[in-house]
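Asker: Pasting a structure here, questions to come.
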Amino acid sequence: MAEQQMQSAKTNGMAIAAFVLSLVGLGVLGVIFGFVALNQIKKENQGGKGLAIAGIVIGFISIALLIVWLIFVWWAVDTATDIIQSPYYSNELINSLENLDNIQLNF
């Protein structure tokens, strides 16, 4: 009897939205929708618990990957800025520009 109730239960729309939002990279919204869906599923005896949980998990993973990516970008920009501002790089750049003045174009 319990299996028939689970099969006939309508899938929660918020659970579907949580899963889709997490898949397309909107992890924060996926997590929020997932928790709202779990609450609705419990109260209204709906289906879609797996989708809601998957949306939450994928959402948290995408948030973690975003944080790692932002840290990497920050590090890369900071390193590039340090290299560009270093005296050695500045002297090399000036020498390269002076060499451009000495190049003669032959057509």
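Asker: Give segment 33-48 a look and list any residue that's surrounded by fewer than 18 Cβ atoms within 10 Å (Cβ to Cβ) and either touching a Leu at 6+ places or on another chain (Cβ under 6 Å) or within 13 Å of Ile16 (Cα to Cα) (or both), or say none.
Answerer: Answer for segment 33-48, where residues must be surrounded by fewer than 18 Cβ atoms within 10 Å (Cβ to Cβ) and either touching a Leu at 6+ places or on another chain (Cβ under 6 Å) or within 13 Å of Ile16 (Cα to Cα) (or both): Phe35, Val36, Gln40, Gly47.
Asker: For segment 1-30, enumerate the residues that are exposed (fewer than 13 other Cβ atoms within 10 Å of the Cβ) and either more than 19 Å from Gly47 (Cβ to Cβ) or at pLDDT 95 or above (or both). Talk me through it step by step, then tell me what you get.
Answerer: Quick first cut of segment 1-30, residues exposed (fewer than 13 other Cβ atoms within 10 Å of the Cβ) only: 1-8, 10, 24.
Within segment 1-30, Val24 is the sole residue that qualifies.
Asker: Is there any pair with a first residue in segment 59-71 that is in contact (Cβ under 8 Å) with a residue 24 or more places away in the chain and a second that is surrounded by 12 or more Cβ atoms within 10 Å (Cβ to Cβ) and among the polar types (S, T, N, Q) whose Cβ atoms are under 6 Å apart and which are 6 or more apart or on different chains, and what are they?
Answerer: If the second residue must be surrounded by 12 or more Cβ atoms within 10 Å (Cβ to Cβ) and among the polar types (S, T, N, Q), the pairs left are Gly59/Ser22.
Asker: Here's a follow-up. Looking at Ala54, Ala76, which is the one that is at pLDDT below 95 and within 21 Å of the chain's Cα centre (by Cα)?
Answerer: When all the criteria are applied, what remains is Ala76.
Asker: Restricting the search to segment 42-78, which residues are among the aromatic types (Phe, Trp, Tyr) and within 21 Å of Val24 (Cα to Cα)?
Answerer: Within segment 42-78, Phe60, Trp69 qualify.
Asker: Right, here's the next one. With (1) modelled with pLDDT of 90 or more; (2) touching a helix residue (DSSP H, G or I) at 6+ places or on another chain (Cβ under 9 Å); (3) at negative phi as the list, and Val68 as the residue in question, which single condition is left unmet?
Answerer: The number of the failed condition is (2).
The values are calculated or read from the model by the stated rules, or taken from the named source; none is laboratory data. Please read all numbers here as calculations on a predicted model, not as lab measurements. Methodologically, a virtual Cβ is constructed for each residue, glycine included, from the backbone with ideal geometry; neighbour enumeration extends over all protein chains shown.
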